[in-house]
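Peer 1: Sending over a structure as structure tokens; questions will come in a sec.
The values are calculated or read from the model by the stated rules, or taken from the named source; none is laboratory data. Bear in mind the structure is a predicted one, so any value in this text is a computation, not a measurement. Counting neighbours? That spans all protein chains shown, and the Cβs are built from the backbone with ideal geometry, glycine included. We work out accessible area using only protein heavy atoms, side chains counted, and drop any ligands, DNA or RNA first. Shrake-Rupley method; radii C 1.70, N 1.55, O 1.52, S 1.80 Å.
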Amino acid sequence: MAFVTGLLLIDAPASALNNLGNIPDERVENTGGVKVIRTPEGFFPYVSAQAFRYWLRTTAQARIEGWKAAPIHSKGNNVAYTDGNPIEWWDDDLFGYMRAAKKATAKESQSVSSLQSGETETVEPITRISPLRVSTIVSIVPLLRITEDFGVMARQEGYPVLYKHQLYRTTLQGMLSLDLHACGTFSYRQKAGYRNLDSVRAELAEKQGLEHLQAEKAYRLPLDERIRRIQALFGALALLEGGAKQAIHYTDVTPTLSIAAVTRGGNHIFGHVVGANSKGLPEIKIEALREAFTTMGDEILSPVYVGWVQGYLDEERKKFERFIEDCPQTVIVRHPRDAYREIVADLARPENAYWLA
């Protein structure tokens, strides 16, 4: 089994990327807060993994040609679900899903005619563990306080309406892991998280000629289709858009620095190689990186792909480039978009087909 193991930084110079709504008991009634982790050292602003995955989904749907997004079905105010058909829909494949079997009522039977338009019939509960795993995207340093900005609505006659919201200046760091084996491979095992296909979807897999992995109790898409979906996912990551308060705190959320490699397991070998210096700015921990390369070198199957935007932490980049001159690993340094392209290009090489086995 192989994984794309990655770390990324998002530069947030004056931002409020993930908010929690109004803060109660504030002096100004309309006070919007940002999500933070409170610790004795201070506040760590963060973007939830759910929000980050939403940015990635919507970017893929809007920006990636050919992306097949699963339709969303809803029933009432408390029930919503994706189609749960990973054979057809790329985000169902890469992001996972959960679907309960449709319960027939006295007035409707479990038939295609009783389904919502375009909905795949579901006769048994199905779930799929997401091949893409994402951490919470957290500030690399604690902030002693969160900045508060006052605003006013004064275009109307009468008294102005005051409101207040929070923002911060920091660098956010997150981790991701993509299970390459799971991408395009759909199990029908009777186990929670692994019952990806019910009998309806298994029949569809047979009709479409998917490879049947009998020992694994799974069906698999052709290799080129699996690579196409992974390529689209990393294409969306390179073009990432999203975040709250963009109208007044426009922030580019595409990664400014990323480190990734194909590894044998899902453990994250780069989780401690970026920290903060005395000024609260990001720095590469050279000795931590050297240790990762030395101790975990046998786990690294690919070059190490580093995406680094020119103009961002230029002095740190020079220090890093001096380090990789004598590095035991092959390190490729590109713009983040080009670094992600290198990953997918290497996935498609015949000699690396075992990464997706």
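Peer 1: Working from the pairwise distances between different alpha carbons, so that the mean of 1/r is found and then inverted, what is the range 225-328's Kirkwood radius in Å? Walk me through the numbers before you get to the answer.
Peer 2: Working: mean 1/r = 0.0629 Å⁻¹.
When all Cα pairs of the range 225-328 are included, the Kirkwood radius is 15.9 Å.
Peer 1: Using just the helices of the chain, give the 222 nm mean residue ellipticity in deg cm²/dmol: DSSP H runs with n ≥ 4 each add -39,500 (n - 2.57), and the total is spread over all residues, rounded to 500. Present the calculation step by step, with values, prior to reporting the outcome.
Peer 2: On the way: 7 runs with 79 residues, N = 357.
Mean residue ellipticity, 222 nm, calculated: -7000 deg cm²/dmol.
Peer 1: Right, here's the next one. In the range 120-163, which residues have a backbone nitrogen under 17 Å from the label point lying 7 Å from residue 192's Cα in the Cα-to-Cβ direction?
Peer 2: Label zone hits: 125-130.
Peer 1: Considering only protein heavy atoms and a probe of 1.4 Å, how much of the accessible area of the range 223-357 is carbon and sulfur, as a whole percent?
Peer 2: Working: 3130 of 6490 Å².
Roughly 48 percent, rounded to a whole number.
Peer 1: If all Cα-Cα distances of the range 159-211 are sorted into 10 Å bins from 0 onward, what percent lands in each bin, rounded to whole numbers?
Peer 2: With 10 Å bins starting at 0, P(r) equals 16, 27, 15, 11, 15, 12, 3.
Peer 1: With a point put 7 Å past each Cα toward its Cβ, work out how far residue 206 is from residue 286 in nm, to one decimal.
Peer 2: 6.2
Peer 1: Which of 35/164; 35/245; 285/319; 35/279 have a Cα-Cα distance over 21 Å? Walk me through the numbers on the way to the answer.
Peer 2: Numbers: 35/164 15 Å; 35/245 13 Å; 285/319 10 Å; 35/279 23 Å.
Checking Cα-Cα distances, 35/279 exceed 21 Å.
Peer 1: Oh, and also: Packing-wise, with mean Cβ within 10 Å as the measure, how do 302-314, 63-75, 34-46, 256-268 rank, highest first?
Peer 2: Values: 302-314: 18.2, 63-75: 14.2, 34-46: 16.2, 256-268: 20.6.
Highest-to-lowest ranking by the protection proxy: 256-268, 302-314, 34-46, 63-75.
Peer 1: Right, here's the next one. Excluding same-chain residues fewer than 8 positions from residue 191, which aspartates and glutamates have a Cα within less than 13 Å of its Cα?
Peer 2: In chain and number order, the partners are 124, 216.
Peer 1: Measure off 7 Å from each Cα along the Cα-to-Cβ vector at residue 315 and residue 61, then give the distance between these two points in nanometres to one decimal.
Peer 2: 4.4
Peer 1: I'd like the Karplus ³J(HN,Hα) series for the range 198-209: coefficients 6.51, -1.76, 1.60, θ = phi - 60°, whole numbers in Hz, and an x wherever there's a Gly or Pro.
Peer 2: 8, 5, 5, 6, 5, 5, 4, 4, 5, 5, 7, x
Peer 1: So, in nm, how far is label residue 241 from label residue 152 when the simple model puts each one 7 Å beyond its Cα toward the Cβ?
Peer 2: Taking the simple label geometry, residue 241 and residue 152 are separated by 3.4 nm.
Peer 1: Turning to a different aspect of this structure: Subtract the Cα-Cα distance of residue 326 and residue 348 from 0.36 nm times their separation in residues, and report this length gain in nm to one decimal. Don't skip to the answer; put the middle values down first.
Peer 2: Details: separation 22, 0.36 × 22 = 7.92 nm, distance 2.82 nm.
Separation in residues times 0.36 nm, less the Cα-Cα distance, equals 5.1 nm.
Peer 1: When ligands, DNA and RNA are left out and all protein chains stay put, how many square angstrom of accessible area per residue does the range 237-357 have with a 1.4 Å probe? Mind dumping the intermediate values first?
Peer 2: Working: 5990 Å² over 121 residues.
Ligands and nucleic acids excluded, the result is 50 Å² per residue.
Peer 1: Still on this structure, please answer the following. Can you list the residues, at least 5 places off or on another chain, whose amide H is less than 5 Å from the amide H of residue 70, using H built in the peptide plane?
Peer 2: It is 90, 91, 92, by chain and number.
Peer 1: What is the percent carbon and sulfur in the accessible area of the range 35-100, measuring with a 1.4 Å probe over the protein chains and ignoring ligands? If you can, show how the numbers build up before the last one.
Peer 2: Details: 1710 of 3360 Å².
Within the range 35-100, the accessible surface is 51 percent carbon and sulfur.
Peer 1: From the alpha carbon gyration tensor of the chain, can you work out the equivalent ellipsoid semi-axes (sqrt of 5 times each eigenvalue) and give them in Å, largest to smallest?
Peer 2: On the way: eigenvalues 274, 207, 50 Å².
One finds semi-axes of 37, 32, 16 Å for the chain.
Peer 1: Here's another thing I want to ask about it. What are the ³J(HN,Hα) values, in whole Hz, obtained from phi via the Karplus relation 6.51 cos²θ - 1.76 cosθ + 1.60 with θ = phi - 60°, for each residue of the range 78-87 in sequence order, with x given for Gly and Pro?
Peer 2: 10, 10, 8, 7, 7, 5, x, 10, x, 5
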